[in-house]
């Protein structure tokens, strides 16, 4: 973040210097330098860098705060490079307050938890067991996001893998014990 801010600051200082006559050609008819174009280039380039940080895994999106922080660091560099120090200090304080506030809210407001539960069963009872598992998930307010079914090469065991989401605290041990209590479930793995 510091390097992004420093780089943006240096580019803005250099572009301001060029715009004020620091270039080799001093004829205004020939040279037209606009520091705002360089700032626009910084914002665009950092946007690509930030986009590379964001990762989507199903319903889960990671890296948005990091991408926004990188973008803000670049903008702070532009503001510092333009000589607007009070604005940079105020924006930094505001950003820190927002980040602290949301960090606090994440601890208070329950956020969804994503887990994977794999259940080994005999192929003949898969439909009934699947219905019973869904019923037990529903009672615990667990939402099934995705289901995959795998069969062993000798067709002796079927593995049902549920990608689940819940806003309530998920107790791994009690959930696994609850699923193992279903008649016909041979194994249960929690990830």
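Any read-out appearing in this document is the output of simple, stated calculations on the displayed coordinates, not a laboratory observation. Here the structure is a predicted model, which is why all the values come from computation and not from measurement. Glycine gets a Cβ as well: all are built from the backbone with ideal geometry, and neighbour counts include every protein chain shown.
Worth pointing out:
- Using C-alpha pairs under 8 Å with a sequence gap of at least 6, the mean separation divided by the residue count of the chain gives a relative contact order of 21 percent.
- Extension gain (nm, one decimal) between residue 40 and residue 150, 0.36 nm per residue minus Cα-Cα: 34.5 nm
- Helix 126-139 vs. the chain, principal-axis angle (Cα, 0 to 90°, nearest 10): 60 degrees
- Once the Cα-Cα distance is subtracted from the 0.36 nm per residue extended length, the residue 10 to residue 189 segment shows a gain of 59.1 nm.
- Diffusion coefficient of the stretch 80-170 by Stokes-Einstein, Kirkwood radius over Cα pairs, 25 °C, 0.890 mPa s: 144 µm²/s.
- Between residue 105 and residue 69, the simple label model (points 7 Å from Cα in the Cβ direction) yields a spacing of 1.7 nm.
- Taking 0.36 nm per residue of separation and subtracting the current Cα-Cα distance, fully stretching the chain between residue 97 and residue 138 would add 10.9 nm.
- Among 15, 166, 174, residue whose mean-square fluctuation peaks in a GNM of the chain (springs only between Cα atoms under 10 Å): 174
- For the chain, the 222 nm mean residue ellipticity estimated from helices alone, with every DSSP H stretch of n ≥ 4 adding -39500 (n - 2.57) and the total spread over all residues, rounds to -17500 deg cm²/dmol.
- Ranking of 132, 106, 157 by count of other Cβ atoms within 10 Å, fewest first: 106, 157, 132
- Residues of the stretch 154-181 with an amide N closer than 17 Å to a point placed 7 Å from the Cα of residue 114 along the Cα-to-Cβ direction: 161-168, 170.
- Whole-Å distance, taken between Cα centres, linking the stretch 126-165 and the stretch 49-106: 40 Å
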